[in-house]
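Accompanying notes for the structure given below.
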Amino acid sequence: MTESIAPPTSRQAEAARTRDLAKVAVSGWLGTAMEFMDFQLYSLAAAIVFNKIFFPDVSPVIGLIAAMATYGVGYVARLFGAVYFGRMGDRIGRKKVLYITIALMGASTTLIGVLPTYAMVGIWAPILLVALRLIQGFGAGAEIAGATVMLAEFASARRRGIISSLVCLGTNSGTLGASALWAILVSSLSQDQLLSWGWRIPFLASFVIMLFAIWIRRSIKESPVFEERADVVDGVALSKREIAAAEELAKTSTIEAALHQKKGKAFLIALGLRFGQAGNSGLVQTFLVGYLATVLLADKSVGTNAIMYGSLLGFVTIPVVGLLGDRFGRRPLYLILSALTAIYAIPMMLMITSGNPTVITIAMVIGLNLGVLGLFAMESVTMAEFFGARTRFTQLALAKEIGGILATAIGPLLAATLTAVTGHWWPLAAMLIGYSLITLVSAAVGPEVRGRDMVRLEDAV
């Protein structure tokens, strides 16, 4: 009995593809880690110290609202970045865009660490802060979308869920790194030290990650799906006018289906799927940290430690959800996770307002993994499969960022306002339930897209 041996060239090609996938995975992990580290650094700073450093002449509650509003400004810039870089990525390739976005994010985050405070330059301090947030957001608007697209397009159909979940591990690493840094600073520095110079350390430290990420991205290859697209010639996607001019090309079934498909349905469903994760993230990872310290007067370390512990658990939650999505499909996981989050919202808020640090920590850890990280693991692969290859980067980036503006950016500001007006926690529970139900309905009406051919140019619906 003879053993079948693959030809050397075949094994070499498989090894090369595995190496390329590994590089893309590390690149995506670093990029998304840096994006979420940047935004988590800022969101925690906004919740803990920025109201005193950049908005010192107002009441604590109004200062928290102003700091959250500045946090939300970055999400508006992300939308413009999603449009600009998304279209660029669909036209000239994913790789070039990812190289630019990481540089923009890293530079702006590092510069936040050297900003003068309100005490030094007055009103110019918050103005400069907003300007850097705009630059940071412009680059971040396409970063996670590009990393998601690259991993989904490199992965095999049967392992696409677990491979794409690596993007979420990157976001989790960034959240963990930022939360750990802030937890160390809050616990080891006095209030005066934290406000005078300690808050700068996390922003300056992000410079090292930026350099490493740029170095890795110099060696990654272009997405194989982009190179195999029927509408790409010499590394550039043809416009509709150019395709129409090439009559024979325009008549091919793959291009014709994409050009004549009515757009919008897949995008709206994807936006609904995004809403639950984005909204829950803004409340759990951003607002509740400030709410605990400012309104409930809990120790500042309670919120940051809870996010840190939740992020650690996420290293198990994320790949498990990815594997389950590959095994059972995307829709069942979405339905289960969003339903459980809606049911858990009120018990979570009762635990958070208990005043017991251990109970508060458990509540936030469960909420983070159930309503944020679990949904994110599904989102990374599902949204990439929803869209056709011709506009995948643009539509995915827009769905993420519009959902981010409507939920993650506006959510903490709305939550701060509602809790200040009502003096109660029930608006937070209502918002968590509302976000989760939107995702539940979207998953119910959307198609199952597990294993879809990523080279197809048209959307799934």
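The values are calculated or read from the model by the stated rules, or taken from the named source; none is laboratory data. Since we're looking at a predicted model, the values are computed, not measured. As a convention, Cβ positions derive from the backbone with ideal geometry for all residues, glycine included, and neighbour counts pool all protein chains shown. When the accessible area is computed, the model is the full protein with side chains, heavy atoms only, and any ligands, DNA or RNA have been set aside. Shrake-Rupley method; radii C 1.70, N 1.55, O 1.52, S 1.80 Å.
Evaluate the distance, in nm, between pseudo-label points positioned 7 Å from the Cα of residue 359 and of residue 296 along their respective Cα→Cβ axes.
1.0
Tell me, what % of the accessible area of segment 380-461 is carbon and sulfur with a 1.4 angstrom probe? Don't skip to the end; give the middle numbers.
On the way: 1850 of 2590 Å².
Percent of accessible area from carbon and sulfur atoms in segment 380-461: 72.
Regarding the chain, what's the average projected area of the Cα-atom convex hull, expressed in nm²?
On the way: hull surface 96.5 nm².
Quarter of the Cα hull surface area: 24.1 nm².
Explain nothing, just the number: relative contact order of segment 93-174, from Cα pairs under 8 Å at least 6 residues apart, as a whole percent. Walk me through the numbers on the way to the answer.
Working: 57 pairs, mean separation 26.6, N = 82.
Relative CO of segment 93-174 lands at 32 percent.
Cα-based count: Lys pairs in the chain below 27 Å, eight or more positions apart or different chains?
Number of lysine pairs found: 26.
With every protein chain left in place, what is the accessible area per residue of segment 325-437 in square angstrom, probe 1.4 Å?
Working: 3490 Å² over 113 residues.
The answer is 31 Å² per residue.
Provide, as a two-decimal number, the C-alpha radius of gyration of segment 333-445 over 2.2 N^0.38 Å, N being how many residues it has. Let's see the in-between values first.
On the way: Rg = 15.7 Å, N = 113, 2.2 N^0.38 = 13.3 Å.
That ratio works out to 1.18.
What length, rounded to one decimal in nm, is gained on full extension from residue 328 through to residue 120, with 0.36 nm per residue of separation minus their alpha-carbon distance? Working shown, then result.
Details: separation 208, 0.36 × 208 = 74.88 nm, distance 5.71 nm.
Computed gain between residue 328 and residue 120 is 69.2 nm.
In whole Å, how far is the Cα centre of segment 271-325 from that of segment 203-235?
So the two Cα centres are separated by 29 Å.
Which value in nm describes the separation of the simple spin-label points at residue 190 and residue 239, placed 7 Å from the Cα toward the beta carbon?
Inter-label distance under the simple model: 6.4 nm.
For residue 233, list long-range residues whose amide hydrogen, built 1.01 Å from N in the peptide plane, is under 5 Å from its own amide hydrogen.
238
Would you mind counting up the charge near residue 113? Only other residues with Cβ under 15 Å from its Cβ, with Lys and Arg at +1 and Asp and Glu at -1. Please report the intermediate quantities before stating the final value.
Numbers: positive: 133, 200; negative: 38.
Value of the local net charge: +1.
Relative contact order for segment 254-367: what percent, with Cα pairs under 8 Å and sequence separation of 6 or more?
Working: 58 pairs, mean separation 31.9, N = 114.
Relative contact order for segment 254-367 comes out at 28 percent.
Please compute the net charge surrounding residue 83, taking Lys and Arg as +1 and Asp and Glu as -1 over other residues with Cβ under 13 Å from its Cβ. Walk me through the numbers on the way to the answer.
Numbers: positive: 78, 87, 91, 400; negative: 90, 401.
Here the charged neighbours net out to +2.
Determine the gain in length on full extension of the stretch residue 103-residue 218; use 0.36 nm per residue of separation and subtract their C-alpha separation, reporting nm with one decimal. Don't jump to the answer; show the numbers that get you there.
Values: separation 115, 0.36 × 115 = 41.40 nm, distance 1.21 nm.
Between residue 103 and residue 218, full extension yields an extra 40.2 nm.
Can you run phi through the Karplus equation (6.51, -1.76, 1.60; θ = phi - 60°) for segment 421-436 and list ³J(HN,Hα) in whole Hz, with x for Gly and Pro?
Per residue, the Karplus-derived 3J(HN,Hα) values read 6, 8, x, 9, 8, 4, x, 5, 4, 5, 5, 4, 5, x, 4, 5 Hz.
Could you rank 425, 199, 215 by how accessible they are, 1.4 Å probe, largest area first?
On the way: 425 50, 199 0, 215 160 Å².
Largest accessible area first, the list is 215, 425, 199.
Between residue 459 and residues 5 or more places away or on another chain, which pairs have amide H atoms under 5 Å apart, with H built 1.01 Å from N, and which residues are they?
Answer set, sorted by chain and number: 388.
Any idea what the relative contact order of the chain is, in percent, if you count C-alpha pairs under 8 Å spaced at least 6 apart? Could you put the intermediate results ahead of the total?
On the way: 814 pairs, mean separation 118.5, N = 461.
For the chain, the relative contact order is 26 percent.
Using a 1.4 Å probe over the heavy atoms of the protein chains, calculate the carbon and sulfur portion of the accessible area of segment 207-350 as a whole percent. Walk me through the intermediate numbers first.
Values: 4450 of 6750 Å².
Summing carbon and sulfur atoms, their accessible area is 66 percent of the total for segment 207-350.
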